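Have a look at the structure below, then the notes.
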Amino acid sequence: MTKDLSRQDRTLGEALRGQGISRRSFLKFCAATASMMALPPAMIPTIAQALEKAKKPSVIWLSFQECTGCTESLTRAQAATIENLIFDAISLDYHHTLQAASGHAAEAAREAAMKEHDGQYLLVVDGSIPLGNPGYSTIAGISNVDMLTDTAKGAAAIISVGSCAAFGGIANAKPDPTGAVAVSAIIKDKPIINVPGCPPIPGVLTGVLTHFLTFGAIPELDHLGRPVAFFGQSIHDRCYRRPFYDRGLFAETFDDEGARQGWCLFKLGCKGPSTYNACATMKWNGGVSFPIEAGHPCIGCSEPHFWDGGGFYKALSMPTGNVSENAVYAAAGAAVGAVAVSALNRAKKKKATEAHEEVTVDDLTK
Amino acid sequence: MNEIEFLSWVRGPGFQIATVIFVAGIIIRLGETLLLGRKANLAEAKGSEMSSGLRTVAARMLPPDRETFKRSTFTIVAGYIFHIGLFVTIFLYAPHILLIKDVIGFGWPALPSQIVDAFTVVSLIALLAILLHRLTDKVLRHLSGPEDYIVWFVTIAPLLTGYLAFHRLGGSPVMMLAIHILSVELLMVLFPFTKLMHTFTLFLARWYNGAISGYRGVES
Amino acid sequence: MSASLEKGIQALKEQVDSSVASFFSSCVHCGMCADACVFYTETGKPELTPITKTEPLRRIWFSEYTLIGRLMKTLGLAKRVDDQLLSDWETLVYDSCSMCGRCSMVCPVGNDITEMIRRTREGIAAAGHAPEGLIGATQRSVTIGSPMGVRLPALQAQIKHIEKDTGMSVPLDVEGAEYMLLLSSMEIMNFPEFIEAIAKIFDKAGATWTISSEAFEATNAGIQIGVSDIAATLVQRVVDAAEKLKVKTVISPECGHAYMAIRWEGPNLIGKPYNFKVRHILEVLDDFREQGRLTLTGKESQRLTYHDPCQIARRGGVIDEPRNLINMFAENFVEMPENGKMNWCCGAGGGVASIERAEDLKLAAFKHKKSQLDAIHVEAIVSACSTCRMQFEESLEEYHMDIPIISLTETIAEHIAEDK
């Protein structure tokens, strides 16, 4: 007997088999995911079982003030990869770029999903929300903030994808014309997982989703709401160029001998030491490379307010403003001040000397 | 304010304020010291003031005669250790050299960070020993006041917080870095108003000492 | 009867210059000056740490001559100089400091603490808190001409004895003489052999010399008590006499601070350079030696050492000359463990010997010198300062040590070859 294998009712296991994914490939995916999340190998069967049986949860993806880069990253693949197929394990009921519907039909799909899966759907958000004037960004005439608060009500959990949704992102950078804020600034009563990055690494999002599907709970988060499994270590501590840092070998310009030799990019402004992400280990484009390996310093894109962090090409230990200019003004002013103060001192001393009354032997006793 | 904002502040306005106070304060202190002037010596000279003064500036940087060394061994040895340690950690560590280069326009080669790390540890130990000495030695207890302890604190704080930040200890590393930079700014702000000025004025003091003695034909 | 706090503060204000300001700015409270001070090392009292003796001057420097200090003063937060402070500091600055200069040699930041204490005395004295003994000595110096009250007739009596005993002449008031000798009252009264020695040596060397009846006192109580005005008055007497007699060189005798007073502080006290030279007797004798004008005979075979008087050696610059002279007659000369510019003070200089209540402290301070002597086991000590001599004689007796202390000049004279 054949089940009605319509997309809505298939389990993930059925869906994957339907796509011709072998059990072996599937287990390899589970193993890779387990290791990415630093789970012990004993967990692999658990992951496999859970994913097999997982009913495709409904996912509503809201895009606010975003550049679509997060979606691009997550869907970009040279070849069909298992990460892409995971999207078949979720029921992506609303996504501006990927959905077929548009206009009223699209909104209707969103509302239907909210009603049917009330309390159980996953809300994924990318892009920041403007509070300066809600009219800055609207969808179907509904402001971002209204749509967010409305949709969040029935969500089981919220995933803020990308630095904009997680921390405010580029719209929030100085001078912040729209009053852009993160999801967590508006929604206070739902569990929020921040998956920052500009954009985030695809494998990170799928890892978070897998965790959620396997355990039905959100993974351990750091103090900025990011999954510790992927954001627990700095780029610096995992960077393959670290030995050069320790030995003091730095590229001074982008095309000097040091740069050619692959030396550390600290002097060129690398924010690796203060940036927490999985770039140095998981890398990008299926593990091909990451910015530092390509010769560009890390810009710290998974950290809050990285746009205003003092300049991508200014080393972390350098001050962000133009200090030497101020120092020169201070010195000049101080020199004038010193002369003025000394004039006072000398006048005082002169006065004391002029007021000097000769001390004779009679003046030695009171 | 979150930690990245805090880090941006200490790297930005914080450092500007600290630098202005540091530079202006030092220049005013040096000016008001030097411009007081000194009367010319009218006695018949037995030696040159300038060369004697310069000689003493250099000579007092070195360890003293054996007997003096034996009597003040701890002060001399601990003093050398932490001063050299401070010099290495501040001026021979790559990120610091970059900072200096940004402000004054040029830098110089750095030592590997593990070596700087070792110097840091030794300096921290020396500074702790110095504090203990100041608290227990009767001459130092008589001499010391609040300023001595405050200066000790603002001197060790950058070393300690730098060490913690480098080794990713003590909580959020971004916060630790920001606190490290803030501790340096605190040192800079207090510098012109405390005995830390000896960093510059000792050159004057030693010169005067050498000049006064050298005039009389004695090398001091 | 008009010393006052106001005068004291005024005096301290005058004493701050760029060197004093540099010194106070640089002190890091390291305590090394205590380890170099004979009064601290022999008593273990932390309040005798040299730099703390300058506190009154430091407060004036801070609250009057630094911007931050003046701000704090207007806010009432700066420590003030009051009469109690100056009174409390009397014993620190006078009884327990011989101005020996050792602290200035070891301070790592280069402070000339001795100079700072010298200047602090100006304020304490002007406020009426100088020690009684020193005030008395100063009064006698100014009114009589000698701190011990030695007047011209006393000197003339000594001269008469010497001329009778030796047949040598001690010329008074000879105009155009090359050298004018000054004498300390101590030498006139207690060690008149010194005058004899001079007569003998100068005769042999063929140098013309004289003593002025109007200004024969070498010591300068103004320097000890730390009142520049009085010190200047005393120096001026010598200058007037030297100019009147048109001498080329004024000789400072075997006295410590006299050399500092007339040679180094003198012109600065009176405000103009001399038109004659000033030399210590040892410098003159060494000149004679170099010029071949000193022919000695016979050697001292006893094991002897030389005590460098602080004001002559470390603070005066006369270090090599005594050794050149000693090597002319000594066969068994051994240096003290720390000598020359790093010698240890005998404990009596700088006015300490004039302060009766400081007797015990002075004796205790001598223990360091005693330990040096214990290390080298000598049979005699040569020196060139009467105050040191007195301190050695009294203290060695106290510690039951039988080592004679002899004057270098007198010893030279004893070995002068008679060419009859």
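The values are calculated or read from the model by the stated rules, or taken from the named source; none is laboratory data. Being a predicted model, the structure only gives us computed values, none of them experimental. Reconstructed Cβ throughout: ideal geometry from the backbone, glycine too, with neighbour counts over all protein chains shown.
Summed over segment C:370-386, residues that are crowded, with 24+ Cβ neighbours inside 10 Å and in a helix (DSSP H, G or I) total 1. Residues that are crowded, with 21+ Cβ neighbours inside 10 Å and touching a strand residue (DSSP E or B) at 6+ places or on another chain (Cβ under 7 Å) within segment C:280-298 comprise C:HIS280, C:ILE281, C:VAL284, listed in sequence order. Please specify each residue of segment A:140-195 satisfying the condition of being at positive phi and either touching a helix residue (DSSP H, G or I) at 6+ places or on another chain (Cβ under 7 Å) or of a type in the set (A, V, I, L, M) (or both). Passing the criteria: A:ALA140, A:GLY162, A:GLY169.
Figure legend. Inter-residue proximity from segment B:164-187: first residues touching a residue at least 24 places away in the same chain (Cβ under 8 Å), second residues assigned to a loop (DSSP other than H, G, I, E, B) and among the aliphatic types (A, V, I, L, M), beta-carbon distance below 8 Å, spacing 6+ or different chains. Indicated pairs: B:LEU177/A:LEU316. Scanning segment C:37-50 for residues that are part of a helix (DSSP H, G or I) and either more than 7 Å from chain B (Cβ to nearest Cβ) or of a type in the set (S, T, N, Q) (or both) yields C:VAL38, C:PHE39, C:TYR40, C:THR41, C:LEU48, C:PRO50.
For residues in segment A:262-279 being touching a Ser or Thr at 6+ places or on another chain (Cβ under 7 Å) and assigned to a loop (DSSP other than H, G, I, E, B), which is nearest to the other protein chains (Cβ to nearest Cβ)? Across segment A:262-279, the extreme among qualifying residues is A:THR275. Report the residue count in segment A:347-364 for those that are loosely packed, with under 15 Cβ neighbours inside 10 Å and either in the same structural domain as A:TYR245 (by TED's automatic domain parsing) or assigned to a helix (DSSP H, G or I) (or both). Count: 6.
In the condition set (1) within 30 Å of C:PRO131 (Cβ to Cβ); (2) charged (D, E, K, R); (3) buried (at least 19 other Cβ atoms within 10 Å of the Cβ), C:LYS367 is compliant with all but (3). Has segment A:141-149 got at least one residue that is aliphatic (A, V, I, L, M) and in contact (Cβ under 8 Å) with a residue 60 or more places away in the chain? The answer is yes; a qualifying residue exists.
Listed here are the residues, each with its yes/no results for (1) touching an Asp or Glu at 6+ places or on another chain (Cβ under 8 Å); (2) aromatic (Phe, Trp, Tyr); (3) under 15 Å from A:TRP61 (Cβ atoms); (4) surrounded by 24 or more Cβ atoms within 10 Å (Cβ to Cβ).
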| residue | (1), (2), (3), (4) |
| --- | --- |
| A:ALA105 | no, no, no, no |
| A:ALA113 | yes, no, yes, no |
| A:GLY119 | no, no, no, no |
| A:GLY141 | no, no, no, no |
| A:LEU148 | no, no, yes, no |
| A:ILE187 | no, no, no, no |
| A:PRO200 | no, no, yes, yes |
| A:VAL204 | no, no, no, yes |
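How many residues are among the aliphatic types (A, V, I, L, M) and either in contact with a strand residue (DSSP E or B) (Cβ under 7 Å, 6 or more places away or on another chain) or in a helix (DSSP H, G or I) (or both) when one looks only at segment C:53-91? Number satisfying all stated conditions: 8. If you go through segment C:387-398 one residue at a time, do you hit one that is surrounded by fewer than 19 Cβ atoms within 10 Å (Cβ to Cβ), part of a helix (DSSP H, G or I) and in contact with an Asp or Glu (Cβ under 7 Å, 6 or more places away or on another chain)? Among the residues of segment C:387-398, not one is surrounded by fewer than 19 Cβ atoms within 10 Å (Cβ to Cβ), part of a helix (DSSP H, G or I) and in contact with an Asp or Glu (Cβ under 7 Å, 6 or more places away or on another chain), which makes the answer no.
Only residues that are in contact with a Leu (Cβ under 7 Å, 6 or more places away or on another chain) and surrounded by fewer than 24 Cβ atoms within 10 Å (Cβ to Cβ) were counted across segment C:202-211, and they come to 3. Scanning segment A:280-323 for residues that are under 23 Å from B:LYS101 (Cα atoms) and not in a loop (DSSP other than H, G, I, E, B) yields A:ASP308, A:VAL323. Across segment A:25-54, the number of residues qualifying as part of a loop (DSSP other than H, G, I, E, B) and either more than 19 Å from A:MET282 (Cα to Cα) or charged (D, E, K, R) (or both) comes to 2. One residue alone among B:ALA110, B:ALA43, B:ALA18 is in contact (Cβ under 8 Å) with a residue 12 or more places away in the chain, part of a loop (DSSP other than H, G, I, E, B) and within 14 Å of chain A (Cβ to nearest Cβ), and that residue is B:ALA110. For A:CYS198, the conditions (1) in a loop (DSSP other than H, G, I, E, B); (2) under 23 Å from A:PRO134 (Cα atoms) all hold with the exception of (2).
Please verify whether C:ALA157 is over 25 Å from the mean Cα position of the chain (by Cα) and at pLDDT 90 or above, treating the condition exactly as stated. Yes: the conditions hold for C:ALA157. Scanning segment B:29-48 for residues that are more than 21 Å from C:GLN15 (Cα to Cα) and surrounded by 15 or more Cβ atoms within 10 Å (Cβ to Cβ) yields B:GLU44, B:LYS46, B:GLY47. Looking across segment A:206-242, the residues that are touching an Asp or Glu at 6+ places or on another chain (Cβ under 7 Å) and among the β-branched types (Val, Ile, Thr) come down to A:THR206, A:VAL228. If only residues of segment B:129-138 that are free of Cβ contacts under 8 Å to residues at least 40 places away in the same chain and surrounded by 14 or more Cβ atoms within 10 Å (Cβ to Cβ) are counted, the one that is nearest to the other protein chains (Cβ to nearest Cβ) is B:LYS138.
Give me the pairs, please: first residue somewhere in segment C:234-251 and over 16 Å from C:LEU269 (Cβ atoms), second residue anywhere and modelled with pLDDT of 95 or more and in a helix (DSSP H, G or I), beta-carbon distance under 6 Å, and either six or more positions apart or on two chains. Sorted first by the residue in segment C:234-251, then by its partner, the pairs are C:ILE251/C:ILE281; C:ILE251/C:VAL284. Taken over segment C:174-227, the residue count meeting the criterion of being touching a strand residue (DSSP E or B) at 6+ places or on another chain (Cβ under 8 Å), in a helix (DSSP H, G or I) and either at pLDDT 95 or above or within 13 Å of C:VAL284 (Cα to Cα) (or both) is 3. For segment C:279-316, enumerate the residues that are within 15 Å of the chain's Cα centre (by Cα) and within 14 Å of another protein chain (Cβ to nearest Cβ). C:ARG279, C:HIS280, C:LEU282, C:ASP308, C:PRO309, C:CYS310, C:GLN311, C:ILE312, C:ALA313, C:ARG314, C:ARG315, C:GLY316, listed by residue number. Within segment C:283-304, one or more residues are assigned by TED's automatic domain parsing to the domain that holds C:ALA261 and of a type in the set (Val, Ile, Thr). Applying the criterion of being more than 25 Å from B:ARG29 (Cα to Cα), at the interface with another protein chain (Cβ under 7 Å from one of its Cβ atoms) and without any contact (Cβ under 8 Å) to a residue 12 or more places away in the chain to the residues of segment C:1-36, the residue that is surrounded by the fewest Cβ atoms within 10 Å (Cβ to Cβ) is C:MET1. Scanning segment C:92-105 for residues that are touching a Pro at 6+ places or on another chain (Cβ under 8 Å) and either surrounded by fewer than 24 Cβ atoms within 10 Å (Cβ to Cβ) or among the aromatic types (Phe, Trp, Tyr) (or both) yields C:TYR94, C:ASP95.
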